[in-house]
1. Counting other beta carbons within 10 Å of each residue's own, what order do 259, 243, 115 fall into, fewest first?
2. What's the exposure ranking of 288, 250, going from fewest to most Cβ atoms within 10 Å?
3. Sort 328-340, 194-206 for me by packing, meaning the mean count of neighbouring Cβ atoms within 10 Å per residue, highest on top.
4. Tell me the net charge near residue 154. Cut-off is 14 Å between Cβ atoms, residue 154 excluded, with +1 for each Lys or Arg and -1 for each Asp or Glu.
5. Based on the Cβ-Cβ distance from residue 266 to residue 345, what FRET efficiency comes out when R0 is 35 Å, to the nearest 0.05?
6. What are the ³J(HN,Hα) values, in whole Hz, obtained from phi via the Karplus relation 6.51 cos²θ - 1.76 cosθ + 1.60 with θ = phi - 60°, for each residue of the range 109-126 in sequence order, with x given for Gly and Pro?
7. Once you treat every alpha carbon in the chain as an equal point and sum by Debye, what is log10 I(q)/I(0) at q = 0.07, 0.08 Å⁻¹?
8. With all pairs of different alpha carbon atoms counted, what Kirkwood hydrodynamic radius in Å does the range 192-342 show?
Amino acid sequence: MSSDLFSPVYIGGSELSNRMAMAPMTRNRAPETIPTELMVTYYAQRAAAGLIITEGAQVSEQGIGYPATPGIHNDAQVQGWKKVTGSVHAHGGHVFCQLWHCGRISHPDYHGGALPVAPSAIRADGQAFTYEGLKDFVTPRALELTEIPGIVEQFRHAATCAMQADFDGVEIHAANGYLLDQFLRDGTNQRNDAYGGSIGNRARLLREVTEAVVDEIGAGKVGVRISPVNAFNDIRDSDPQTLFNHVAGMLGDTGIAYLHTVEVSMTGEPDASVDMAEIRRHFPGIYMANGGYDKTRGNAAIRENRTDMVSFGVPFLSNPDLPRRLRQDAPLNEADQATFYGGDAHGYTDYPALEAS
Ligand code: PHB
């Protein structure tokens with residue numbers, strides 16, 4: 001029998017009950033960067049996903065770029081996340097923690113007035129979300145060569161913290177214009193050392209981060225997220241197909257469990273035409289597709305072997321029992337944009353599940 005969204009799949013030796021992942025989504029409900037009881041409820045409600053990937057959790061104080069986002073680098077955060085993972089596991093789910101460093105998509109307000117860091121001193125067009133509202137992005141400080149091992153260590157340490165918090169694994173966030181993506185693309189990386197210039201050099205930081213995390217927790221517990229055509233956060237590259245073919249092959253060599261690809265642009269038009277099938281051919285592990293999928297498109301993509309898994313963002317946000325609803329062709333709750341970022345239980349844990357029947 002051929003597979004579909006509702007068939008099991010193995011990731012790093014663990015059987016997931018279906019091929020639907022909950023995509024990582026920033027929700028800004030972690031005051032003091034520590035996961036709360038409300039977040040425990042939110043994730044536990046969504047444990048029917050084959051795999052939950054948490055919202056981005058910053059790997060260090062340096063990595064923060066938004067208000068009230070959780071961290072995964074100190075003990076208080078680990079204790080908070082432990083309640084999340086415990087509850088998801090008690091409901092039969094699997095959950096990976098997304099490891100995030102925002103790089104230049106941040107503001108001095110988060111760094112005691114110091115500049116955010118980036119591969120090169122190139123300002124993003126646009127505005128940062130701060131506790132005092134929107135403020136223009138500043139020109140970031142280019143990381144010194146001697147600081148790069150410290151970035152790798154931030155991700156390694158965060159992976160250790162994620163294991164202490166009983167996560168099933170981690171997803172390294174190399175997408176959507178944040179630090180690792182800033183290194184990958186030639187629009188934001190104009191370094192002339194070993195971390196800039198050629199594609200191999202621009203991908204070096206992601207390779208070193210991935211190898212460090214794999215070394216720390218094992219390849220079967222690691223996924224990486226990329227977004228080859230996303231122009232979000234003022235990111236661009238002159239040749240994304242060649243870049244991301246290389247990245248996929250390089251990540252394949254590390255033996256990681258899955259490659260999670262944002263196949264669309266969050267800003268509307270994709271910045272280039274990239275063939276996702278070509279990228280996938282370079283990666284031997286599980287491929288997870290994201291971006292505008294529904295039941296029909298997801299099942300077709302799995303049946304035609306264009307993907308192994310599909311992640312759903314907004315549909316999971318507003319439908320805690322999304323797998324059941326899709327299986328039964330039940331109507332979906334509509335998502336309320338006004339309550340996406342920040343706030344309380346409203347628009348977070350109060351989306352209803354179907355009545356038991
Ligand atoms: C956002 O907060 O808007 C956001 C965060 C992480 C992403 C994408 C968007 O990967």
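1. 115, 243, 259
2. On the way: 288 27, 250 20.
Sorted ascending by nearby Cβ count, the order is 250, 288.
3. Values: 328-340: 12.6, 194-206: 18.0.
The packing order, highest mean first, is 194-206, 328-340.
4. On the way: positive: 156; negative: 61, 147, 153, 208, 216.
Its environment carries a net charge of -4.
5. Numbers: r = 26 Å, r/R0 = 0.75.
So the FRET efficiency works out to roughly 0.85.
6. 3, 8, 10, x, x, 6, 6, x, 9, 7, x, 9, 7, 10, 6, 7, 6, x
7. Debye curve over Cα of the chain, log10 I(q)/I(0) at q = 0.07, 0.08 Å⁻¹: -0.26, -0.35.
8. On the way: mean 1/r = 0.0588 Å⁻¹.
Every distinct Cα pair counted, the radius reaches 17.0 Å.
Bear in mind that the values in this text are calculations on the coordinates, not laboratory data. Just so you know, these numbers come straight off a predicted model, no measurement behind them. So basically every Cβ, Gly included, is an ideal-geometry build from the backbone, and we count neighbours across all protein chains shown.
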